[in-house]
Amino acid sequence: MKRLFLLIVAVTLGYTLNAQQTEAKIQLLETEHDFGKFKEEAGRQTYDFVVTNTGKDPLVIQNIVASCGCTTPEWTRSPIPAGGKGKVTAIYDPKDRPGPFNKTLSVYSNSKPEVVVITIKGEVLPREKTVEELFTFPVGTVRFESNHMAFTNIKKTEKKIRVMQVVNTSAKDAKIEFVNLPPHLVVKASPMILKPGEKGMIEGTFDATKHTGWGNVSDMVKVKINDVAQENVFYYVSANLVEDFSALSAEDMLKAPVFRISSNTFDLGKIKGSTQNEVEFKFKNEGKSDLVIRHIRSTCGCTAVQQGSQGIGIKPGESSSIKATFNSGGYNGKVTKAIYVYTNDPKNSEIVLMINAEVEQQPAVAK
């Protein structure tokens, strides 16, 4: 009987508390604010949403959750009495966030409804960037936009040109030169001599017809400023050399070679460290003309690729293989290495072969 009495009291008390909670009621004069357009350098923008308790009991704002880290909420922490007012402050930080924005704040309280959503919006006008931000690569007395000129895809039959800005930040003239360039690459400054504060262009020309490689290739170019070679400073030039299939007709495509491999992944399983492990990938030419392996490249020196028929046509219907030796060396645990194969198959001109292994190093023997 005593337990039943306590249960009835607990249920009644819970119902009473729940009923009391519904007596607080949150009301906002507005649930949306538009900051309009403002400059990024103006800094944080703040707006107060006025909260009124139209209920009979104290209103408690329990928590506010912002839709992103760029918006910080503040609010009246003490209970707001019946008829009283409080506020929810929305603070938006525009730093490094140019452009339009639309964010929400979810306000949790002991009112009904328990959650009220308010919205802030506007548009951040980007600040003018500094010379250091626009020209990120300092070389002596000048600054380049970047230390990397990327040509991306270049057909082996073409020549491409890329440009990049440079500025002289010193109080004297700056002469810019690039030395020890490979035959396929021309890089020059225009004008060669920049006056103090003057901007110019770095023009790069990549002639793929003079490059023997395939796939991703790169060059590290030395820079001279005022006839002085800059120590430990290099200008990085990269490209992805691909075969030119643009002249192939629909009939040519039907007669093209087809590189077909049984599996492009070889799992060595568990192997010991400092061991040589042979791998062989078998493939077949299922097309109607000779298949040529243009180039084979591995991701590191630990994988030595061997291919007897490289550069030699593989007749339709014939099979061949790509062999590799994986040296587990000082690796420990799971290891994955890649081999890139370049062919004259228009639909499979670049194939990636994967070698997986789990290397177990032997414990050192105590002396």
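Numbers at a glance
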item	result
Label corresponding to Rg/Rh (Cα atoms, Kirkwood Rh) when calculated from the structure given, among [x] 1.07; [y] 1.21; [z] 0.94	[y]
Asn240-Lys155 pseudo-label distance in nm [points 7 Å out on the Cα-to-Cβ vector]	1.7 nm
Karplus 3J(HN,Hα) series, Hz, for the range 241-256 with 6.51 cos²θ - 1.76 cosθ + 1.60 (x for Gly, Pro)	8, 10, 6, 8, 9, 5, 8, 6, 8, 4, 5, 4, 5, 5, 9, 6
DSSP-defined antiparallel bridges as percent of all bridges, the chain, nearest 5	85 percent
Total formal charge among the other residues, if their Cβ is under 11 angstrom from that of Asp173, Lys/Arg +1 and Asp/Glu -1	+2
Whole-Hz ³J(HN,Hα) from phi, Karplus 6.51 cos²θ - 1.76 cosθ + 1.60, for the range 287-296, glycine and proline x	x, 10, 9, 4, 9, 10, 7, 6, 6, 10
Given charges at Cβ of Lys, Arg, Asp, Glu: the range 212-308 dipole, positive-most of Thr303, Ser238, Val217	Thr303
Mean-position separation - Cα centroids, the range 39-90 and the range 325-341, in angstrom	57 Å
Ordering of 274-280, 228-234 by burial proxy (mean other Cβ atoms within 10 Å per residue, highest first)	274-280, 228-234
Contact order normalised by residue count of the chain, Cα under 8 Å, 6+ apart, percent	11 percent
Sparse-neighbourhood loop sites, GluC sites (Glu not before Pro) in the range 85-148 - DSSP loop, at most 13 other Cβ within 10 angstrom	Glu114, Glu128
Around Met164: net Lys/Arg minus Asp/Glu count, Cβ-Cβ under 10 Å	-1
Euclidean distance between Cα centres, the range 145-193 to the range 240-282, Å	35 Å
Built amide H within the under 5 Å cut-off of Asp57, gap 5+	Ala24, Lys25
Mean residue ellipticity (222 nm) of the chain, computed from DSSP H runs ≥ 4 via -39,500 (n - 2.57), nearest 500	-2500 deg cm²/dmol
Three-way shape call for the range 189-319 based on the alpha-carbon gyration tensor, with the a/c threshold at 1.5	oblate
Point-charge dipole on Cβ atoms (K/R +1, D/E -1) for the chain, about Cα centre, debye to 20	620 debye
Dipole magnitude of the range 54-156 about its Cα centre (Cβ charges: Lys, Arg +1; Asp, Glu -1), debye to nearest 20	240 debye
Charge sum, other residues only, whose C-beta stays under 11 Å from Val258's C-beta, Lys/Arg counted +1 and Asp/Glu -1	+3
Helix axis angle, 2-21 relative to the chain longest principal axis, alpha carbon, degrees	80 degrees
Residues of the range 204-232 with amide N under 20 Å of a point placed 7 Å along Cα→Cβ from Arg162	204-224
Calculated diffusion of the range 96-140, Stokes-Einstein form, Kirkwood radius summed over Cα pairs, 20 °C and 1.002 mPa s, µm²/s	150 µm²/s
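The numbers here are math on the coordinates, done by the rules we state, and not lab data. Only a predicted model underlies this, so the values are computations on that prediction, with no experimental measurement involved. Neighbour counts run over all protein chains shown; Cβ positions are idealised from the backbone, glycine included.
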